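Enquirer: Pasting in a structure now, in structure tokens, and then I'll have a few things to ask.
The values are calculated or read from the model by the stated rules, or taken from the named source; none is laboratory data. What you see is a predicted model, and the numbers here were worked out from it, not measured in a lab. Counting neighbours? That spans all protein chains shown, and the Cβs are built from the backbone with ideal geometry, glycine included.
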Amino acid sequence: MGIWSCIGTTLDEVRDALYQGKSGIIFSQERKDAGFRSALVGNVPKVDLKAYVPRNLRNFMPEEAQYGYIATKQALDNAGIDEDYLNTHEVGIIYGNDSVAEATMNSLDKFRQANSTVACGSGAIFQSMNSNITMNLACLFKLRGINLTASAACASGSQSIGLAAMLISQGLQDCVVCGGAEENNMYGIASFDGIQAFSIRESEPEKASRPFDAGRDGLVPSGGGATIVLESYEHAVKRGANIIAEIVSWGFSGNGDHISTPNVAGPARSLELCLRNGGIDPKQIGYINAHATSTVIGDRREAQAIAQLFGERTVPVTSTKSQTGHEMWMAGASELIYSTLMMKNGFIAGNINFENPDEETACINVVPETKETHFDMFLSNSFGFGGTNSTLIVKNI
Amino acid sequence: MTREEIIAEINAELAEEFEIDEAAITPDAPIYQTLELDSLSLVDLIGIVQTKYGVLISKAELPTIKTFAQLYDYIEQHQK
């Protein structure tokens with residue numbers, strides 16, 4: 001696993017931040033001055049890749065590819081996979097991404113200013129494609145297996161892991177790098193701010209993201225990169241890998257409904273399929289990492305879907321977005337890492353800022369403060385615009 | 001612009017864009033090796049010259065520019 005987020009840029013930092021209930025959210029004067037309704041954002045450090053990637057190759061990498069690179073480098077290092085291994089084995093990549101706003105804007109601004117396509121620069125065509133992360137990482141890390149970008153809105157990261165797990169279970173790949181990354185500049189989400197989906201609790205940035213709480217008023221955007229190295233059990237054992245956890249099953253569904261307003265039936269079918277695919281009884285799940293982004297309707301619908309499958313106020317539920325904000329294309333992957341860190345270290349990170357549920361979120365058991373506890377299996381939800389739903393179940397090893 | 005002004009400006013711009021020490025840019029130094037140009041990053045050199053001086057280096061004339069001195073000559077002769 002590898003992570004670059006607003007609550008830490010190493011697994012140890014992130015584990016500690018989760019345990020301590022640290023918020024990664026800040027107020028951005030730059031966004032306010034630019035005309036944002038909500039200037040709240042995850043405080044993700046910029047990546048400096050000069051020491052790792054030469055200029056001519058870095059020139060193809062927009063912000064999200066840089067986050068993807070640094071998270072993937074960490075993940076491969078942690079997995080004990082080096083250059084020699086990658087040169088002699090067929091490793092694939094499936095990565096979640098769903099925007100290329102800043103890079104596209106910059107190159108087209110230059111084009112329009114100079115009335116010349118040459119002015120776009122040599123990296124622009126690569127930077128402005130949605131598959132920029134997989135194309136860059138495959139070339140830089142010499143990945144010669146499946147090479148695919150999963151674009152499924154805020155379920156992109158989760159879908160990438162589900163797809164990779166499916167290819168591996170089918171015997172089509174032994175090892176796949178998967179995850180998700182999200183550009184964290186203001187251009188990527190300016191139009192999202194425009195539809196008034198963000199929290200405006202600007203006077204208290206750390207309290208703005210409050211999934212399931214009655215006082216929630218919208219999400220807080222964030223970004224970064226999160227990578228997981230997924231491989232078959234036999235492959236991992238054969239190369240002497242430090243096996244962290246197992247993907248037990250993947251469930252997915254489409255709402256076939258409204259583009260932005262979620263329903264209960266779609267997410268419920270994703271949860272149900274995931275449980276059924278893994279042959280898992282709900283009682284086996286020790287923790288649910290919810291998708292809940294801190295929006296009024298979305299949190300309600302997810303709470304109802306969970307209660308429908310698990311019964312009312314049973315399994316412990318939190319949304320780590322209370323600390324990180326919404327990492328969107330990256331979220332499904334980062335939240336799998338957050339949950340795995342909790343499982344491996346014996347705690348559930350509290351859903352910070354949860355004070356009181358509203359009438360419709362009261363049906364689930366939200367854990368408000370960090371709780372030391374042991375669990376061996378968790379479920380992670382990711383839902384996105386267009387009604388794309390993805391659920392993963394992960395088991396401790 | 002005078003030749004001296006062009007040299008000062010373009011050297012600084014190229015050093016920043018291609019992340020090299022400006023001291024490595026001398027009149028007789030080979031452009032391709034010094035800037036580590038390949039078929040794609042060559043486009044960035046052409047783009048800088050066009051954006052800064054309104055000079056589009058033609059494909060036919062590109063092979064004649066091998067040193068920085070030849071680049072300065074080209075810009076000086078074609079600038080608008």
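Enquirer: Condition (residue is within 18 Å of the chain's Cα centre (by Cα) and buried (at least 17 other Cβ atoms within 10 Å of the Cβ)) applied to region A:33-42: is it met by at least one residue?
Expert: Yes, that holds for at least one residue.
Enquirer: Are there any pairs with C-beta distances below 9 angstrom linking a residue in region A:338-351 that is on the phi > 0 side of the Ramachandran plot to a residue that is modelled with pLDDT of 95 or more and outside any loop (DSSP other than H, G, I, E, B), with the two at least 6 apart or on different chains, and if so which?
Expert: So the pair list comes out as A:Gly346/A:Glu372.
Enquirer: Take A:Ala165 and decide whether it is buried (at least 21 other Cβ atoms within 10 Å of the Cβ), within 22 Å of A:Ser382 (Cα to Cα) and under 12 Å from the mean Cα position of the chain (by Cα).
Expert: No, not satisfied.
Enquirer: Based on what the data block shows, is A:Lys207 within 23 Å of A:Ser5 (Cα to Cα), outside any loop (DSSP other than H, G, I, E, B), among the basic types (Lys, Arg) and over 19 Å from the mean Cα position of the chain (by Cα)?
Expert: yes
Enquirer: I'm checking my understanding of the structure. Among residues of region A:1-15 that are part of a strand (DSSP E or B) and touching a residue at least 60 places away in the same chain (Cβ under 8 Å), which one is surrounded by the most Cβ atoms within 10 Å (Cβ to Cβ)?
Expert: A:Ser5
Enquirer: Here is a list: A:Leu230, A:Leu271. Which entry is of a type in the set (A, V, I, L, M), in contact with a Leu (Cβ under 6 Å, 6 or more places away or on another chain) and crowded, with 22+ Cβ neighbours inside 10 Å?
Expert: Just a single option satisfies the conditions, and that option is A:Leu271.
Enquirer: Identify, from the list A:Ser191, A:Ser203, the residue that is touching a helix residue (DSSP H, G or I) at 6+ places or on another chain (Cβ under 9 Å) and at negative phi.
Expert: Being touching a helix residue (DSSP H, G or I) at 6+ places or on another chain (Cβ under 9 Å) and at negative phi holds for just one of A:Ser191, A:Ser203, which is A:Ser191.
Enquirer: Could you tell me whether A:Asn356 is in contact (Cβ under 8 Å) with a residue 12 or more places away in the chain and out of contact with any helix residue (DSSP H, G or I) (no Cβ under 7 Å at 6 or more places or on another chain)?
Expert: yes
Enquirer: Starting from residues that are part of a loop (DSSP other than H, G, I, E, B) and buried (at least 24 other Cβ atoms within 10 Å of the Cβ), keep the ones in region A:310-320 and report whichever is nearest to the chain's Cα centre (by Cα).
Expert: A:Thr320
Enquirer: Filter region A:19-64 down to the residues that are assigned to a loop (DSSP other than H, G, I, E, B), in contact with a strand residue (DSSP E or B) (Cβ under 9 Å, 6 or more places away or on another chain) and either among the aromatic types (Phe, Trp, Tyr) or within 12 Å of chain B (Cβ to nearest Cβ) (or both) and list them by number.
Expert: A:Phe36
Enquirer: Let me ask something else about it. What are the residues in region A:86-96 that are in contact with a helix residue (DSSP H, G or I) (Cβ under 9 Å, 6 or more places away or on another chain) and either in a helix (DSSP H, G or I) or modelled with pLDDT under 95 (or both), if any?
Expert: A:Leu86 - this is the single residue of region A:86-96 that is in contact with a helix residue (DSSP H, G or I) (Cβ under 9 Å, 6 or more places away or on another chain) and either in a helix (DSSP H, G or I) or modelled with pLDDT under 95 (or both).
Enquirer: Do we find a residue being among the acidic types (Asp, Glu) and not in a helix (DSSP H, G or I) anywhere in region A:183-193?
Expert: Yes, that holds for at least one residue.
Residue-by-condition table, conditions (1) closer than 17 Å to A:Ala153 by Cα; (2) among the hydroxyl-bearing types (Ser, Thr, Tyr):
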| site | (1), (2) |
| --- | --- |
| A:Phe252 | yes, no |
| A:Ser270 | yes, yes |
| A:Asn277 | no, no |
| A:Ile285 | no, no |
| A:Asn289 | no, no |
| A:Thr295 | yes, yes |
| A:Arg300 | no, no |
| A:Ala305 | no, no |
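Enquirer: Inspect all residues belonging to region A:200-219 and state whether any of them is polar (S, T, N, Q) and more than 25 Å from A:Lys344 (Cα to Cα).
Expert: Checked against the condition, which is being polar (S, T, N, Q) and more than 25 Å from A:Lys344 (Cα to Cα), region A:200-219 yields at least one hit.
Enquirer: Let me ask something additional. Confirm whether A:Ser128 is within 14 Å of another protein chain (Cβ to nearest Cβ) and surrounded by fewer than 23 Cβ atoms within 10 Å (Cβ to Cβ).
Expert: no
Enquirer: From A:Gly332, A:Gly346, A:Gly278, A:Gly286, grab the single residue that is surrounded by 24 or more Cβ atoms within 10 Å (Cβ to Cβ) and either β-branched (Val, Ile, Thr) or under 30 Å from A:Leu11 (Cβ atoms) (or both).
Expert: Being surrounded by 24 or more Cβ atoms within 10 Å (Cβ to Cβ) and either β-branched (Val, Ile, Thr) or under 30 Å from A:Leu11 (Cβ atoms) (or both) holds for just one of A:Gly332, A:Gly346, A:Gly278, A:Gly286, which is A:Gly332.
Enquirer: On the basis of being more than 20 Å from A:Ile3 (Cα to Cα) and within 22 Å of the chain's Cα centre (by Cα), does A:Val176 make the cut?
Expert: no
Enquirer: Could you figure out which of (1) within 14 Å of chain B (Cβ to nearest Cβ); (2) in a loop (DSSP other than H, G, I, E, B); (3) basic (Lys, Arg) isn't true of A:Arg112?
Expert: Only one criterion in (1) within 14 Å of chain B (Cβ to nearest Cβ); (2) in a loop (DSSP other than H, G, I, E, B); (3) basic (Lys, Arg) is unmet by A:Arg112, namely (2).
Enquirer: Go through (1) outside any helix (DSSP H, G or I); (2) touching an Asp or Glu at 6+ places or on another chain (Cβ under 9 Å); (3) away from chain B (no Cβ under 14 Å); (4) in contact (Cβ under 8 Å) with a residue 60 or more places away in the chain for A:Gln196 and report which single condition fails.
Expert: A:Gln196 satisfies all of (1) outside any helix (DSSP H, G or I); (2) touching an Asp or Glu at 6+ places or on another chain (Cβ under 9 Å); (3) away from chain B (no Cβ under 14 Å); (4) in contact (Cβ under 8 Å) with a residue 60 or more places away in the chain except (2).
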